[in-house]
Structures are given as C-alpha cells and as structure tokens.
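Working notes for the structure below.
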Amino acid sequence: MVRRPVAWVAAIVLFVEAIGIALLNWFLGVVVDRQDMSLAGLDSDSMATSSKIAGLLFGLYFALCGLAALLVALRDRAPAGFGRILLISAAVVHALLGAFAVGLVGWGAFAFMMVVLGLILLILMAYDRRPDPADAAPGNGGGSEGGGDGGGAPVTAPPAPSAT
C-alpha cells in the first residue's frame, strides 16, 4: 500500500522543515541583532532573542510532529492520542502558513505548504480502522447492523408478555 511510504516521506519532510524553520528564525535573530535598530520602541536584543527562542520552539514542534509521523511509519498503525493531536495541529498550522505564504512569499511557498498538508492528511486519512475479522465471519450478517454490539452475539427479540 501507499500509506507507509507516505508516512516516511512526511516524517522526513517534517524533520527537514523543523531544521529549516529553526535556522531561518536563528538567522533572522542574528540579522535583527546586527541591525541595532528598534521597532516601535522595542529593544533589538529582546527581538533577536525572542526570534531565536521562537525558532527553536517551532523547530522542536515540527520535529515532534515528524517523530509522530515516523512512529506511524515504523508501526504501520494509525496515530493515536497525542500523536494524532500533534498531526492534526500540524495540518492546521500548514493550512494557515500556506494561506499567509501566498501573500508574503509567493506561490512556491504556498505549494510546498499544501504538499506537506496533503502528506499529513494522507497519514490521518489512510489509516482508517481495519475491519474486525469477527464482523466478517459467516452468520454475523457481515457487520453489526441492527443495533448489535458487533461482537458476534446474535440479536434476539425480547420474549412476548404472557396473557395469564
């Protein structure tokens, strides 16, 4: 199937993006520090430091999302719990960054963000719940329709009240 290679590619892209975003913010912090200018009265040292810290935190966030995708690729199972929440939040972040990137950077950055968004969504959507073998057993009706619990127990009607 295609879902395991997609998870591998998404993990690699998220790790590369984590390194890239951390280096970009670090570079911007160095540039602001060397400018020795203030923006609306803010100290350039505090702007440089905050840019570096934000880059490291954002890079760690993307690295954690890459780790979640890597675990999906290694286990070949759907992400659960915290990993699923991380990947959903990364999808939302990439959608928002793509929307901002169109106006600020251009269509190339938008296309990259949409490719990463697509990879993350493929991870989340391709790992649907596999059918339970007990549901497909003969005599079960092929599923759990009729309000049954899906555990293979036959659905019977309640006994009729007696007239005595």
(request) Whenever you get a sec, compute what percent of the accessible area on region 1-134 sits on carbon and sulfur atoms (1.4 Å probe). (result) 74
(request) Along each of the three principal axes of the Cα atoms of region 25-78, give the extent in whole Å, ordering the values from largest to smallest. (result) 51, 16, 11
(request) May I ask you to derive the FRET efficiency for Leu122 and Ala99 from their Cβ-Cβ distance with R0 = 25 Å, giving the value to the nearest 0.05? (result) 0.80
(request) Calculate, for Val16 and Leu42, the FRET efficiency according to 1/(1 + (r/R0)^6) with r their C-beta to C-beta distance and R0 25 Å; round to the nearest 0.05. (result) 0.20
(request) Work out, in µm²/s and without decimals, the Stokes-Einstein translational diffusion coefficient of region 1-92 at 10 °C, 1.306 mPa s, Rh from Kirkwood over C-alpha pairs. (result) 110
(message) Which residues among region 1-37 fall inside the zone where the amide N is under 20 Å from a point 7 Å beyond the Cα of Ala109, along Cα→Cβ?
(response) 13-33
(request) Roll a 1.4 Å probe over the protein chains and send me the accessible area per residue for region 1-110 in Å². (result) 61
(message) Which trypsin sites (Lys or Arg not before Pro) in region 26-129 sit in a loop by DSSP (not H, G, I, E or B) and have at most 14 other Cβ atoms within 10 Å of their own Cβ?
(response) Arg77, Arg129
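The values are calculated or read from the model by the stated rules, or taken from the named source; none is laboratory data. This is a predicted model, so every value here is computed, not measured. In this analysis, Cβ positions are derived from the backbone assuming ideal geometry, glycine residues included, and neighbour counts consider all displayed protein chains. Surface areas here come from the heavy atoms of the whole protein model, side chains and all, with no ligands, DNA or RNA. Shrake-Rupley method; radii C 1.70, N 1.55, O 1.52, S 1.80 Å.
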